[in-house]
1. For the range 56-71, just list the computed ³J(HN,Hα) in residue order, Karplus coefficients 6.51, -1.76 and 1.60, θ = phi - 60°, integers in Hz, with x standing in for Gly and Pro.
2. Obtain the nm distance between the two label points defined at T14 and T47 by a simple spin-label model: each point lies 7 Å from its Cα along the Cα-to-C-beta direction.
3. With r as the distance between the Cβ atoms of I189 and D218 and R0 = 30 Å, compute the FRET efficiency 1/(1 + (r/R0)^6) and round to 0.05.
4. Lys and Arg at +1, Asp and Glu at -1: add these up for the other residues within a Cβ distance under 15 Å of D165 and post the number.
5. When a/c is below 1.5 the answer is rounded, else prolate if a/b is larger than b/c, else oblate, so apply that to the range 30-70 with a ≥ b ≥ c taken from the square roots of the Cα gyration tensor eigenvalues.
6. Note the listed values (i) -0.22, -0.29, -1.11; (ii) -0.50, -0.58, -1.07; (iii) -0.24, -0.31, -1.25, then indicate which one is log10 I(q)/I(0) by the Debye sum over Cα atoms at q = 0.07, 0.08, 0.15 Å⁻¹ calculated from this particular structure.
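Read-outs throughout are calculated quantities, based only on the coordinates presented, and are distinct from any laboratory measurement. Because the structure is predicted, anything quoted here is derived from the model rather than measured. Note that each Cβ is placed from the backbone with ideal geometry, even for glycine, and that neighbours are counted across all protein chains shown.
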Amino acid sequence: MKPRIGISMNYRTTSEGGERAYLDAKYFDAIAELGAVPIPIVPTDNTILLGAILRNLHGVLFTGGLDLDPALYNQPLHPDTELVHPRRQRFDFMLYEQTCKRRLPIFGICLGIQTINVAHGGSLHQCLTDLDQTIDHEPEEPDKTCTHTIRIRRKSKLHQWLHTDQIVVPTHHRQALAQIGKGLLAVAIAEDGIVEAIEIPQLPFGLAVQWHPESALDAPVNRIILQRFLDAANQQANAPENASKNDKNLTPPEMPRAKLISRVPDP
């Protein structure tokens, strides 16, 4: 059985006042190219429905997007912060909580790593240009990416998979992790000290990165880490008793904010 991978979708209010869920096709195409079945998930507040969806999945990919509300980590709103839609923000935390509960493989990208960090009680740098930066993390053109080198922590799973101390990654972000959340491990750092990857050691597979591996699958390192995620999902899909169907699995990682945030109504 091919593993089925849930992909968190973006959400916005249109100029006509309607609401629309959407997804960058690169996420969908990357999962499909590597041999899994991509399943986009529209943000919902219905926990019963989400549970039914997750029982039929073998892993979840948390995608990029706009910025989390800094009130979640006790900071005022920065002038350059562009808030993600409240429905998506609320959903992403609920999705993370429920995915951890089922101990499904998790892979986070860009906003995904930030959501996971904040769920664990961490905080963010809202604007990297306010820091003493030595490298660019966000290209000048919105639809482009830039690249930079990151150092990988030895003895981390990421280092075990890639067998190297440093790699070059495609990047497009103006925010980044500041304080690392409880129970998370920072396993890759840019030359200017910005954390670029974390692992969730309490899960069978839990990795999140600040860069965009889906946008550069021609680079072997990006294929390797996504393939590792899908390998874990494949084990889930072909296990004798599919753990994704079990709502009473092992205790999930401690997430000080996830339950609270996932239940905050729209303003």
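1. Using θ = phi - 60°, the values come out as 10, 10, 10, x, 9, 9, 9, 8, x, x, 6, 9, 5, 5, x, 4 Hz.
2. 3.2 nm
3. Details: r = 24 Å, r/R0 = 0.81.
Taking R0 as 30 Å, the efficiency between D218 and I189 is 0.80.
4. My count for the surroundings of D165 gives +3.
5. Numbers: a/c = 2.93, a/b = 1.15, b/c = 2.56.
Oblate, since a/c reaches 1.5 and b/c is not below a/b.
6. (i)
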